[in-house]
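The values are calculated or read from the model by the stated rules, or taken from the named source; none is laboratory data. This structure is a prediction, so every number in the text was calculated from the model and none was measured. For neighbour counting, all protein chains shown are included, and Cβ atoms are generated from backbone atoms with ideal geometry for every residue, glycine included. Note: accessible area is taken over every heavy atom of the protein model, side chains too, but ligands, DNA and RNA are not part of it. Shrake-Rupley method; radii C 1.70, N 1.55, O 1.52, S 1.80 Å.
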Amino acid sequence: MTDKKFFLLSGERNTLPQAELRAIVETYDNKANFKVVDKRVIIVEGRFDLNTVLKRSAYVSAGAYLISHCKLKDAEKTINAINFDEFMSDHVSFSASVFNLSDTHISGKMEAIIGSAVKRKLPNAKVSLKDPETMIIGIIFGDDLLLGFTDYKNRKKGWRLRRPRARPFFHPSALYPKFARGLVNLSHVKEGELLLDPFCGTGSILIEASLIGINTIGIDIFMKMCRGAINNLKHYMLDSLGILNSDALVLPIKKVNGIATDLPYGRCASSRGINTLNLLQDFLLEANSIIPKGRYCVFVHPSTIRLNDLDTFELKGMHEVYVHRNLTRIITVLRKI
Ligand SMILES: C[S@@+](CC[C@H](N)C(=O)[O-])C[C@H]1O[C@@H](n2cnc3c(N)ncnc32)[C@H](O)[C@@H]1O
């Protein structure tokens, strides 16, 4: 199997989709090579499982093992020369999906060319749009075409079913599941490892982490929020190692593999009268004592806050996310030195 995969990122106009993909890949292979061929298209060479990335990600729209990268004008010749039998069996059911980022209207034509080429090489292969065993994925960008294949099926992530209003316990500070999943992924924590959300509120981050098999601990200073988070997790048949009614500035935990959190600020999420910058600085001192070297602390904060000295952490990224006219949030990603 080829070590080269390509990914189509979702169309959000910020740095988050690319950062999320890099973080997920690095979680499993920190030597992987990234080649950005378009602002939404990245080719990655490395030893990691394609389906794990597709399953975990919030901001990846499609991904596949790379078969070929060619100029659009050579597409037909290239497609007809592909040995589909190298990665598909003769009786396979398949579909072809071409994503078009250019202004030309050729997705349908390209899908038909792929379909005919497969049938010519594998006469017993059947087209199945509903439940194909193999999907041939094409991405058209500029003058280029990328072609690949995947057997990944579970494309629906159920974001709507987990939106704040769909959960039994609602609070206006609750994060949307897609955004919460992005934070989990930026934390570089793997399945079976332990992630802490020290300001867990309604549990949005804990839910998304649990869904991908990460162990979680949540902390909130208000008992009502702790109970709410427990109920929300239960609603999705998920569990946490603990939801602790405690102060994040005096952490009752010795070691975690990463932190992802959304700091209290504004009217919605009480910060108990403490200014968010002071709270963040005190919190980072605590975080420093429980995160091992090389691991990550990811947090969301208002854009008005600027971090000063970070002696024990290295700044790995800052991603600006527009919420509404008066609110832009920053996701800061730190790595312990
Ligand atoms: C922005 S909200 C978190 C929202 C959460 N991410 C969600 O999706 O529901 C911040 C939370 O921090 C809690 N909090 C405030 N000060 C705290 C402290 N010192 N220790 C722990 N939790 C605190 C608040 O009760 C609030 O639930």
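Identify, please: which residue in the stretch 182-192 is open to solvent by less than 10 Å² (accessible area, probe 1.4 Å) and more than 9 Å from the ligand (Cβ to nearest atom) and is, among those, farthest from GLU320 (Cα to Cα)? It would help to see each step written out before you state the result.
From the stretch 182-192, those open to solvent by less than 10 Å² (accessible area, probe 1.4 Å) are 182-187, 189; that's our starting set.
From the residues that got through so far, the ones that are more than 9 Å from the ligand (Cβ to nearest atom) too are 182, 184-187, 189.
Numbers: GLY182: 13, VAL184: 17, ASN185: 16, LEU186: 14, SER187: 17, VAL189: 22 Å.
My answer is VAL189.
Screening TYR236, TYR322 for residues that are among the aromatic types (Phe, Trp, Tyr), more than 12 Å from the ligand (Cβ to nearest atom) and within 20 Å of LEU206 (Cβ to Cβ) leaves exactly one candidate, TYR236. The conditions of being more than 9 Å from the ligand (Cβ to nearest atom), open to solvent by 20 Å² or more (accessible area, probe 1.4 Å) and closer than 19 Å to PRO252 by Cα are not met by ILE221.
Being modelled with pLDDT of 95 or more, more than 10 Å from the ligand (Cβ to nearest atom) and in a loop (DSSP other than H, G, I, E, B) is the requirement here; does LYS293 meet it?
Numbers: modelled with pLDDT of 95 or more: yes; more than 10 Å from the ligand (Cβ to nearest atom): yes; in a loop (DSSP other than H, G, I, E, B): yes.
For LYS293, the condition - modelled with pLDDT of 95 or more, more than 10 Å from the ligand (Cβ to nearest atom) and in a loop (DSSP other than H, G, I, E, B) - is met.
Which residues, taken from the stretch 196-215, are under 23 Å from LEU280 (Cα atoms) and more than 13 Å from the ligand (Cβ to nearest atom)? Answer for the stretch 196-215, where residues must be under 23 Å from LEU280 (Cα atoms) and more than 13 Å from the ligand (Cβ to nearest atom): there is none. When VAL184 is tested against the conditions (1) at pLDDT 95 or above; (2) farther than 30 Å from GLY218 by Cα, the lone failure is (2). Scanning the stretch 239-250 for residues that are surrounded by fewer than 21 Cβ atoms within 10 Å (Cβ to Cβ), within 12 Å of the ligand (Cβ to nearest atom) and of a type in the set (A, V, I, L, M, F, W, C) yields LEU244, LEU249, VAL250.
Give the stretch 233-264 a look and list any residue that's of a type in the set (D, E, K, R) and part of a loop (DSSP other than H, G, I, E, B), or say none. If you could, list the steps in order and put the result at the bottom.
Keep residues of the stretch 233-264 that are of a type in the set (D, E, K, R), which gives 234, 239, 247, 254-255, 262.
The answer is ASP239, ASP247, LYS254, LYS255.
Whether any residue in the stretch 251-261 is surrounded by fewer than 16 Cβ atoms within 10 Å (Cβ to Cβ) and within 12 Å of the ligand (Cβ to nearest atom) is what I want to check.
Looking through the stretch 251-261, at least one residue is surrounded by fewer than 16 Cβ atoms within 10 Å (Cβ to Cβ) and within 12 Å of the ligand (Cβ to nearest atom).
For SER89, indicate whether it is within 29 Å of ARG47 (Cα to Cα), touching a helix residue (DSSP H, G or I) at 6+ places or on another chain (Cβ under 7 Å) and either in the same structural domain as VAL37 (by TED's automatic domain parsing) or small (Gly, Ala, Ser) (or both). Here the answer is no, as SER89 does not meet what is asked.
I'm checking my understanding of the structure. Among residues of the stretch 293-337 that are closer than 14 Å to PHE179 by Cα and aromatic (Phe, Trp, Tyr), which one is surrounded by the fewest Cβ atoms within 10 Å (Cβ to Cβ)? Only one residue tops the list, namely TYR322.
So that you can scan it fast, the table gives a plain yes or no per residue for (1) surrounded by 17 or more Cβ atoms within 10 Å (Cβ to Cβ); (2) at pLDDT below 95:
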| position | (1), (2) |
| --- | --- |
| ASP3 | no, yes |
| PRO17 | yes, no |
| ILE24 | yes, no |
| PHE34 | no, no |
| ILE43 | yes, no |
| VAL53 | yes, no |
| SER57 | yes, no |
| VAL60 | yes, no |
| ALA64 | yes, no |
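Quick one: in the stretch 269-284, of everything that is assigned to a loop (DSSP other than H, G, I, E, B) and either within 10 Å of the ligand (Cβ to nearest atom) or modelled with pLDDT of 85 or more (or both), which residue is most open to solvent (accessible area, probe 1.4 Å)?
ARG272
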